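Trainee: So that we are looking at the same thing, I have put the structure below in structure tokens.
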Amino acid sequence: MAQDLFRKFQAMPSLGGGAPAPPTSAERIPRHSTGLGEFTRMVAGQEEMRILDLGPTSPTNIARLTGLGHKMYNEDILLASTSPAYAARTEEGKPTLNVDRFLGENLTYTTTLFDAVLCWDIPDYLPEAVVRPAVERLHRVTKTGGVLLAFFHTRDAGPDAPYYRYHIVGDDQLELQQGPRFRLQRIFNNRNIEKLFQEFASIKFFLARDNVREVLVVK
């Protein structure tokens, strides 16, 4: 990946060390999301859309979106990326991830399936080697006109920003629940994000108050 794609934090954890430590709190924090409001508007009233949620399984999200008449799919690719089975080394001996093996066993959809994708802030936490290939795979399996919602931390978030599970509780309302202790790996700026989603047809930014940039991408 090009060096200017994102600014990386120091002290990144080694790959292949198993799942991170569990969360310390089950408290849920309410959060308004303009991006989610736009996403909801685009999927509401449509007939039986296929929606892919890339975060941890959330019964709240499943109930919310199936209640709108849609089919839900869930794949926690961030947790999957911590498997020792995918650990590898670069030519310089640095820890990395075996991208071919990872994509051979995750996001293994062979046809265009999805009308919508909830990407959340997964790209901020994924190992570097798999970020762009995973987004390219998502582009391939999203239908033309399909929508993807993603969150990106701003530079003020800091590497110790907690990783949250996102629960949809309203058209534009979320509840954030602290998840496993994944470490923020990088900060994307607007140009980086545009480059990451360059194969998509359009992108729209929403700047939130909590050091998070929301992005709605349409294929």
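We did not get these values from a lab; they are worked out from the coordinates using the rules stated. Quantities reported herein were computed from a predicted structural model and do not represent experimental measurements. In this analysis, Cβ positions are derived from the backbone assuming ideal geometry, glycine residues included, and neighbour counts consider all displayed protein chains.
Trainee: Based on the alpha-carbon set only, what is the convex hull volume of region 23-218 divided per residue, in Å³? Write down the numbers at each step before the final one.
Mentor: Values: hull volume 24.2 nm³, N = 196.
Per residue, the Cα convex hull of region 23-218 comes to 123 Å³.
Trainee: Another one. Determine which residues of region 187-219 fall in the zone a paramagnetic label at Thr144 would reach in this model, i.e. backbone nitrogen under 19 Å from the point 7 Å along Cα→Cβ.
Mentor: Zone members listed by number: 198-203, 217-219.
Trainee: Over region 23-218, how many pairs of lysines fall under 28 Å by alpha carbon, counting only those 8 or more apart in sequence or from different chains?
Mentor: On the way: Lys71/Lys143; Lys71/Lys204; Lys94/Lys195; Lys143/Lys195; Lys143/Lys204; Lys195/Lys204.
Taking the Cα cut-off of 28 Å, the pair count is 6.
Trainee: Between Thr90 and Leu68, how many nm apart are label points set 7 Å from Cα along the C-beta direction?
Mentor: A separation of 4.0 nm, rounded to one decimal place.
Trainee: Express the relative contact order of the chain as a whole percentage, based on alpha carbon pairs under 8 Å and six or more residues apart in sequence.
Mentor: Details: 437 pairs, mean separation 64.2, N = 219.
Value for the chain: 29 percent.
Trainee: Taking 7 Å along the Cα-to-C-beta vector as the label spot, tell me the Asp171-Leu79 distance in nanometres, rounded to one decimal.
Mentor: 3.2
Trainee: What does the helix-only formula give at 222 nm for the chain: each DSSP H stretch with n ≥ 4 adding -39500 (n - 2.57), the total divided by the residues, and the result rounded to the nearest 500 deg cm²/dmol?
Mentor: Taken over the chain, the calculation gives -6500 deg cm²/dmol.
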